[in-house]
Amino acid sequence: MQPILTSALDDTPEPLRSALAEARANPEDGARWEALDEAARECDQPDEVSTLYQESLTLDLGPVTLLAIAERAVAFHDEWFDDPSYNIRILQRLTAADAGGSWAFEKLSLLLTMDERWDELLSEYDRKLARTSDPAKRRPLLEEASRIAKDF
């Protein structure tokens, strides 16, 4: 009897298997990720690619690489999955690493709002405020958080 993981990999078509291995070996290479996304489309198998994106975002990558992979991962999950939880986890990783700037925080805020996850949304504002010392940037964050807390 073969282990389940080995059986699952045996069922993966060769083009996708190769693209997964190349992206895993070279996470800094955007062309590898592009080829992987295309292989997922050709094979109509996004699950293995989703798993690799999520694994890669836990690695100790530089902020530029982390942001590039995260942006691609968010687009990939928007294309393939209706569940916002995938992108919420990706964006939470970016905001926790203080990477992605306002794009990641705004997208995360939008997804949490749409999914009505108010406690998580307010927690993200708390984390953002803890990292923001400029009064001109803190004020709008405080106003938004206050409005959210008041409304919900």
How many nm separate the modelled label positions at Asp78 and Leu129, each set 7 Å beyond the Cα in the direction of the Cβ?
-> 2.9
About the Cα centre of the chain, what is the dipole size in debye to 20, counting +1 per Lys and Arg Cβ and -1 per Asp and Glu Cβ, all else neutral?
-> 920
Using +1 at the Cβ of each Lys and Arg and -1 at the Cβ of each Asp and Glu in the stretch 1-131, identify which of Asn26, Ser50, Pro15 lies farthest towards the dipole's positive end.
-> Asn26
Report the far tail of the P(r) of the chain, meaning the percent of Cα-Cα pairs longer than 23 Å.
-> 45
With the other protein chains left in place, how much accessible area per residue, in square angstrom, belongs to the chain at a 1.4 angstrom probe?
-> 59
Each label point is 7 Å from the Cα along the Cα-to-Cβ direction; what then is the distance between the points at Lys150 and Trp103, in nm?
-> 3.2
Extension gain, Thr51 back to Arg24 (0.36 nm per residue minus Cα-Cα distance, nm) | 8.6 nm
Solvent-accessible area, 1.4 Å probe, carbon plus sulfur percent, for the stretch 28-137 = 48
Name the residue, out of Arg127, Arg72, Arg32, whose mean-square fluctuation peaks in a Gaussian network model built on the chain with Cα pairs under 10 Å.
-> Arg127
Calculate one ³J(HN,Hα) per residue across the stretch 124-136 by plugging θ = phi - 60° into the Karplus curve 6.51 cos²θ - 1.76 cosθ + 1.60, and present them in order as whole Hz with x for glycine and proline.
-> 5, 4, 4, 5, 5, 5, 5, 9, 10, 9, 5, x, 5
How much mean residue ellipticity at 222 nm does the chain get from its helices, if each DSSP H run of length 4 or more adds -39500 (n - 2.57) and you divide by all residues, to the nearest 500 deg cm²/dmol?
-> -24500 deg cm²/dmol
Distance from the stretch 79-105 to the stretch 24-70 (C-alpha centre basis), Å = 14
Find which of Leu108, Asn87, Pro135 sits farthest along the positive direction of the dipole of the stretch 80-147, computed with +1 on the beta-carbon of Lys and Arg, -1 on that of Asp and Glu, about the Cα centre.
-> Pro135
Sorted by chain and number, the residues with a modelled amide H under 5 Å from that of Thr132, at a separation of 5 or more or across chains, are none
Can you tell me how much longer the chain between Asp44 and Leu122 gets when fully stretched, taken as 0.36 nm per residue apart minus their C-alpha distance, in nm with one decimal?
-> 24.4 nm
Roughly how tilted is helix 63-80, in degrees to the nearest 10 and between 0 and 90, from the longest Cα axis of the chain?
-> 80
What list of ³J(HN,Hα) couplings, whole Hz, do you get for the stretch 33-50 from phi and the Karplus terms 6.51, -1.76, 1.60, once you set θ to phi - 60° and write x for glycine and proline?
-> 5, 4, 5, 5, 4, 5, 4, 4, 5, 4, 8, 6, 9, x, 4, 5, 5, 4
In percent, how large is the relative contact order of the chain, given Cα pairs closer than 8 Å and 6 or more residues apart?
-> 13
Pop out the Kirkwood hydrodynamic radius of the stretch 37-126 from its pairwise C-alpha distances, inverse of mean 1/r, in Å to one decimal.
-> 13.4
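The values are calculated or read from the model by the stated rules, or taken from the named source; none is laboratory data. This one's a predicted model, so the numbers in the text were calculated from it and none came from an experiment. Because the Cβ atoms are built from the backbone with ideal geometry, glycine has one as well, and the counts that use them run over all protein chains shown. Side chains are part of the model used for accessible areas, which takes the heavy atoms of the whole protein and leaves out ligands, DNA and RNA. Shrake-Rupley method; radii C 1.70, N 1.55, O 1.52, S 1.80 Å.
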